[in-house]
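As structure tokens, the structure follows; a few thoughts come after it.
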Amino acid sequence: MTLYDLTGTLEPGMWRYDHIPSVEIARVSTIEDHGSEAHSFRLATICGTYLETAAHLFHGQPTIDQVPVERFICDAAILHLGELPPAQAIAVDDLERAVASVEIHPGDALLVDTGWERMWNTPTFVEDSPFLTMEAMRWIVDHKVSILGGNMPCFDNPRGGAGVNKVLFKSGALILAPLVNLRTLAQSRVRLMAFPLKIKGVCGTPCRAIAQEM
């Protein structure tokens, strides 16, 4: 059994969305002074690698603590699109070329590899992210995926979105992003496990995402 960690590391000074506070980590207890080590964290719902529900954009939708745990474990199909350039729009043709040798089953997670994880913690990681066109997102929704993941931080155009995330959330799917190490996966289908923190009343939390080759 081979496991792959798809989770980016949380640390102070890391990349962030423009309106989201920075990650803060502080030591609040030391072995020398208190006999034990402890830290406090300041984390937003969407920082690092996170799992997110439709409550991010719609009132009255389940929050992350209300999502059944079985939703966090599923088979996943991986689409390798190559190393996309900055601000590349991903079209239906791009997805169809990548899916030629991959089966996507209803209820699968779909993990889209754009190579963008190479830009993690660079100044333009968010604003120059590749993104999905509306037609590409509808293609994904038509495949009835349960989770859409990718190694880019934005599925919508970060320079002026067209609402593709709303289309996905209306289908009942969750968002898992941004991932790392997708390029290291040798198989086109894996078992995905993505466990968010169980925090009451929030739309999403950072999570630990792991792929198991089947």
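The values are calculated or read from the model by the stated rules, or taken from the named source; none is laboratory data. Predicted, not measured: the structure shown is a model, and the values here were computed from it. Note that each Cβ is placed from the backbone with ideal geometry, even for glycine, and that neighbours are counted across all protein chains shown.
Starting from the stretch 47-71, take each residue that is under 13 Å from residue 199 (Cα atoms) and list its partners that are part of a strand (DSSP E or B) and aromatic (Phe, Trp, Tyr), counting only C-beta distances under 9 angstrom and pairs at least six apart or across chains.
The qualifying pairs are 51/195.
From the list 141, 164, 126, which one is surrounded by 15 or more Cβ atoms within 10 Å (Cβ to Cβ), under 17 Å from the mean Cα position of the chain (by Cα), free of Cβ contacts under 8 Å to residues at least 40 places away in the same chain and more than 21 Å from residue 75 (Cβ to Cβ)?
Unique residue meeting the criteria: 164.
What's the number of the condition residue 38 fails, among (1) closer than 19 Å to residue 154 by Cβ; (2) at pLDDT 95 or above?
Status for residue 38: all satisfied but (1).
Looking at the stretch 4-50 only, could you name the residues that are among the hydrophobic types (A, V, I, L, M, F, W, C) and either under 18 Å from the mean Cα position of the chain (by Cα) or in a loop (DSSP other than H, G, I, E, B) (or both)? Steps first, answer last, please.
Initial filter on the stretch 4-50 (among the hydrophobic types (A, V, I, L, M, F, W, C)): 6, 10, 14-15, 20, 23, 25-26, 28, 31, 38, 41, 43-44, 46-47.
Scanning the stretch 4-50 gives 6, 10, 14, 15, 20, 23, 43, 44, 46, 47.
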